[in-house]
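To start, the structure itself, in structure tokens.
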Amino acid sequence: MKILTNYIDGKLVSPSSNEYIDIFNPAEGKIYAKAPRSCAKDIENAVSAAQSAFSTWSRLSVDERSGFLLRIAEKIEQRHQGLALAETNDNGKPLWLSKAVDIPRAAANFRFFATAVEHFCSESYSNEEITNYTLRQPIGVVGCISPWNLPLYLFTWKIAPALAAGNCVIAKPSEITPVTAYMLSEICEEVGLPRGVLNIVHGYGAEVGAAITLHKKIPVISFTGGSKTGAQIAQSAAPLFKKISLELGGKNPNIIFDDCNFERMISETVRSSFVNQGQICLCGSRIFVEKSIYNKFIDAFVAKTKELTIGDPLDPEIKQGAIVSEDHMQKILSYFTIAKKEGGTILCGGKTYEAADRCKDGWFIEPTVITDLGPHSRINQEEIFGPVVSVVPFETEEQALEFANCTPYGLSATVWTENLTRAHRFSRDLQAGVVWVNCWLVRDLRTPFGGMKQSGVGREGGLEALRFFTEPKNVSIYHGP
Ligand code: NDP
């Protein structure tokens, strides 16, 4: 049994409570590790360490800070196999996916911000008498809280820009998938990251997460997770005037017009619906299809969905792994009852999948396609966050736009059309922070990333992240007429 530790003040330490949380391998439904159940005292220790480290870390040259981040990226790359296996055992996602996406992206996050910060600059405005310039200074101790669906990928997406900008960090991974965050603390030790610069504290959201968001000496919170938790964090942070970035849930529309490249659209739509068992905030869970190709779409899409193999995430032939936890599996299953009550038709899936051998007690759900539900049904309004999509026909462009925008969320949207002017119109009018046209999940780390409405506040990525993790201070110098 693997016993994880916190990483505080440069040391791997047990939680002060000496209590641990069971960590499950979702593909087996069995406990295989234990993570610290930390509390406010551990956060206090982490804050003291981070405060002590801040004056030195924030004054290092950009090159020196960047050097540490590049060494962390290299170590992640060297430990690629071990990290990928750990991510899969923790989360249930196919090993090929951890290898191809999660771990390379974690290294890329460090590499990207290590170099982006070298190009970070600020404004200067002059007139006849005065020159203004803006300093963008590191803020201090920042809190980073991340979810379980892309564990190391999203954890490092926050930590890397925060450190690059010169802050010290208190980070909490999801208690459901903490192992790669623990391995990152080993890597930080190996590269000799100065003590206290990054502190990783494990535990429950309601305990250690809340201790971070309520701590008076953590003036910045970067959070990715559900909209409900985001609202709680905003409530705690507001009276303390904290700077917050919230990357929250989604109910993303995928709008398909009859002039699209059908083959390409079908294969990308299967991917955008079900990759990572549909547990990516950017997955398109509401599919709106132009009526003229609705039947053709349903036939092709359901046939392709049925081809997705489910089972042991270590098997390279498997397309669908396990659902992250038993609780989450039950939540997804409850939506099948809701769909039937609302009058929906389940064309495929709609039930658990019984895997074999070592995975016989694992948590698997068949990829599910639902039809016959209107855009205002619960299935089309609430985030399910699993391998479940609903398909709805539309007749006109106006109707497609109305359907797409009719949820409280606004994270991402996908549009399939070969009509250039329509593509531009939709990109302008869709209420989403990210719009993909004829593609999905194409990411360039320089672009702003985030959602509108209940999908979030603020943007991550590129210069947006470096701006978020710095305090702008304008200096006006009078030099005479
Ligand atoms: P949660 O909101 O439940 O948890 C996210 C993180 O917050 C976890 O580390 C959690 O800890 C912690 N947390 C929980 N309660 C509190 C609290 N009161 N104060 C501080 N921290 C707390 O989300 P999930 O982990 O279930 O992740 C899934 C959600 O994340 C989905 O809604 C998905 O759409 C969203 N998401 C959004 C993304 C985006 O970029 N917009 C990207 C990826 C996911 P613990 O695990 O212990 O509960």
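The values are calculated or read from the model by the stated rules, or taken from the named source; none is laboratory data. None of the values given here were measured: they were computed from a predicted structure. Cβ sites come from the backbone with ideal geometry, for glycine too, and all protein chains shown count toward neighbours. Quick note on the areas: whole protein, heavy atoms, side chains included, nothing else; ligands and nucleic acids left out. Shrake-Rupley method; radii C 1.70, N 1.55, O 1.52, S 1.80 Å.
When you check residue 205 against the structure, is it within 10 Å of the ligand (Cβ to nearest atom), open to solvent by 10 Å² or more (accessible area, probe 1.4 Å) and not assigned by TED's automatic domain parsing to the domain that holds residue 391, yes or no?
Here the answer is yes, as residue 205 does meet what is asked.
Assess whether residue 15 counts as being in contact with a Pro (Cβ under 6 Å, 6 or more places away or on another chain) and in contact (Cβ under 8 Å) with a residue 24 or more places away in the chain.
The answer is yes for residue 15.
Is it true that some residue in region 345-353 is out of contact with any helix residue (DSSP H, G or I) (no Cβ under 9 Å at 6 or more places or on another chain) and open to solvent by 20 Å² or more (accessible area, probe 1.4 Å)?
yes
With respect to residue 142, is the statement that it is away from the ligand (no atom under 11 Å from the Cβ), surrounded by 24 or more Cβ atoms within 10 Å (Cβ to Cβ) and assigned by TED's automatic domain parsing to the domain that holds residue 33 true? Walk me through how you get there before you give the answer.
Values: away from the ligand (no atom under 11 Å from the Cβ): yes; surrounded by 24 or more Cβ atoms within 10 Å (Cβ to Cβ): yes; assigned by TED's automatic domain parsing to the domain that holds residue 33: yes.
Yes, satisfied.
Answer yes if at least one residue in region 188-200 is within 16 Å of the ligand (Cβ to nearest atom), touching a residue at least 60 places away in the same chain (Cβ under 8 Å) and either over 19 Å from residue 39 (Cα atoms) or not in a loop (DSSP other than H, G, I, E, B) (or both), and no otherwise.
Looking through region 188-200, at least one residue is within 16 Å of the ligand (Cβ to nearest atom), touching a residue at least 60 places away in the same chain (Cβ under 8 Å) and either over 19 Å from residue 39 (Cα atoms) or not in a loop (DSSP other than H, G, I, E, B) (or both).
In region 238-256, what residues are within 10 Å of the ligand (Cβ to nearest atom) and among the aliphatic types (A, V, I, L, M)?
Matches in region 238-256: 246, 248.
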